[in-house]
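The values are calculated or read from the model by the stated rules, or taken from the named source; none is laboratory data. A quick note: this is a predicted structure, and the numbers were derived from the prediction, not measured. As a convention, Cβ positions derive from the backbone with ideal geometry for all residues, glycine included, and neighbour counts pool all protein chains shown. When the accessible area is computed, the model is the full protein with side chains, heavy atoms only, and any ligands, DNA or RNA have been set aside. Shrake-Rupley method; radii C 1.70, N 1.55, O 1.52, S 1.80 Å.
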Amino acid sequence: MLYSIARPILFCADPETAHKLAFAALDAQAAFGLARTWAGKLPAKPLTVMGLNFPNPIGLAAGLDKNAEHMRGLAQLGFGFIEVGTLTPKAQDGNPTPRMFRLVEHEALINRLGFNNKGVDDALPRLQTRDLDIPVGVNIGKNAVTPIERAHDDYLSALRSVYSASDYVTVNISSPNTKNLRDLQAVEVVSKLVKRLVSERDLLAKRTAKRVPLVVKIAPDMEDADLVDTVKAICANGADGIISSNTTLSREGVQSHAHASEAGGLSGAPLTARADRVLAKVVKAAASVPVIGVGGIMSVADAQRKLDIGASLVQIYTGFLYRGPGFIGELVRGVRLPDR
C-alpha cells in the first residue's frame, strides 16, 4: 500500500536518481531495523544448494547493489540471498547517461549501464565486515578497457580479490552492455575461461580452507544448439552452478514503445516467457549442476514456474522495482519448494 503511493513519486525521477533515493530510504530504515516490517512474517523454507544454506529460495540479482553498499537493508526485506556487483578489478564509470529507461506500461526496463562500479577494492571492506545470516554472492566482470582476449586476467584478478569475502562468485559473461563480452560464451572460449577460474578457485580453497562455489551467468539470446553446448561446456569444466539468464537484446512485445530502439538489455515482464524457455533448456543441459532462474519474475506464479521448471533458486530485479519492498515477503510466503 505504501509503495503504491511512493512509486509514482519515485518514477517522476530518472531511474538512476530514483535508485539513489530508494536506497537512501532503505538504509535509513535498516539502521533502526525497520526495513524488516516490509517483509512481514516469513515462513521457514530452508534449502541447501551448492553446499550453502539458504533460508528461502528468493534472491536479489546482481546489478541493484553494485558496490555492496546496501546489504543490511536488503537482507532485512526477507531475501534468502543477495548478489552484489557486477564488480570489476578497477573502478569505472560505465556508459554515458542516459543509460536506463522505464517502459512502465510493459513493466520493463532497458539498461546499458556498462558495469558502472567503484571497483573491487572499494567493496571489499564492506563484504569482509558484513554481519548477515544469508549467503552473499559476488558478481564479477571485466573492465571495459581490457581487451576481450585478456578478459581472463580481469576475472582471475577479481576472483582472487573477492574470494575470501564471498559465499559464492558469479562470472558474468553475458551482459550486453560491455563490448564483445558475450563472445566469451562461445564453447571453446568459455571452456578455457571456466577451466582456468575453477583451477584458481581450487588453489584458493586449499590456501584459505574455504571452498567458494563458482557460478556462470549466461544470456537468453543464444541459438538453442549454442546454448546447450555452452551450458555443457560450463558444467564439464567444473562450474558449481549456472544463472539463467541475463537481460535480452530482443524487443519482442515492446516494439511500439518510444524507448524500444534504445541500446541495452531488456528486463521485466516482456522477458518472462523467453527466460522460462531458456531456463528449461539450461536445466536439462546442466543435468545435476544447480541452476538459478532469473528473468521476468513479476508475481508468485512467475517464481513458482521457474522452480517447477527445475531452478534450485530464483532471483529478482525489475519485479522488485515495480512491485516494491513488500514483494520479497509475498514471494517467500507464496512459493512452494518442489519435491526433488
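Ranked by solvent-accessible area (1.4 Å probe, protein heavy atoms only, all chains present), the residues Leu47, Leu127 order from largest to smallest as Leu47, Leu127.
Can you pull a Stokes-Einstein diffusion coefficient for the range 1-80 at 4 °C (1.567 mPa s), Rh from Kirkwood over Cα pairs, as a whole number of µm²/s?
92 µm²/s
Each label point is 7 Å from the Cα along the Cα-to-Cβ direction; what then is the distance between the points at Ala260 and Arg211, in nm? Label-label distance for Ala260 and Arg211, simple model: 4.9 nm.
Considering only Pro89, Pro43, Pro270, the mean-square fluctuation computed in a Gaussian network model of the chain, springs between alpha carbons under 10 angstrom, is largest for Pro43.
Counting heavy atoms of the protein chains alone, Arg7 has an accessible area of about 60 Å² for a 1.4 Å probe. Annotation for the range 190-257: GluC sites (Glu not before Pro) lying in DSSP loop with at most 14 further Cβ atoms inside 10 Å of their Cβ are Glu223, Glu252.
Per-residue SASA remark: Leu2, around 120 Å² accessible (1.4 Å probe; ligands, DNA and RNA not included). Shape class for the range 206-340: oblate, because the ratio a/c of the largest to smallest gyration tensor axis (alpha-carbon atoms, square roots of eigenvalues) is 1.5 or more and b/c is at least a/b.
Treating the beta-carbon of each Lys and Arg as +1 and of each Asp and Glu as -1, no other charges, what is the dipole magnitude of the range 240-304 about its Cα centre, to the nearest 20 debye?
180 debye
When Lys90, Lys306 are compared by accessible surface with a 1.4 Å probe, the order from highest to lowest is Lys90, Lys306. The charge dipole of the chain, taken about its Cα centre with unit charges on the Cβ of Lys, Arg, Asp and Glu (plus for the first two, minus for the last two), comes to roughly 620 debye. As a length-normalised measure over Cα pairs under 8 Å and 6 or more apart, the relative contact order of the chain settles at 18 percent. Could you name the aspartates and glutamates whose alpha carbon sits less than 19 Å from that of Lys20, not counting residues in the same chain fewer than 8 places away? In chain and number order, the partners are Asp65, Glu69, Glu83, Asp93, Asp122. Residues in the chain average 42 Å² of solvent-accessible surface per residue, probe 1.4 Å, ligands and nucleic acids excluded. The portion of the accessible surface of the chain made up by carbon and sulfur, rounded to a whole percent, is 54 (1.4 Å probe; DNA, RNA and ligands excluded). Using just its DSSP H runs of length 4 or more, each adding -39500 (n - 2.57), the chain gives a mean residue ellipticity at 222 nm of -11500 deg cm²/dmol after division by all residues.
Largest first, the residues Thr208, Thr97, Thr178 sort by 1.4 Å accessible area into Thr97, Thr208, Thr178.
Along the positive direction of the dipole of the range 217-340 (beta-carbon charges: Lys, Arg +1; Asp, Glu -1; about the Cα centre), which of Gly334, Gly265, Ala285 reaches farthest? Value computed over the given set: Gly334.
The label point for Ala13 and the one for Lys41, both projected 7 Å from the Cα toward the Cβ, are 3.5 nm apart. Shown here: Cα extents along the principal axes in Å, derived from the displayed model; of the candidates (i) 50, 45, 42; (ii) 59, 39, 35; (iii) 88, 48, 43, it corresponds to (i). Heavy-atom accessible area for Arg323, with the other protein chains in place and a 1.4 Å probe, reaches approximately 90 Å².
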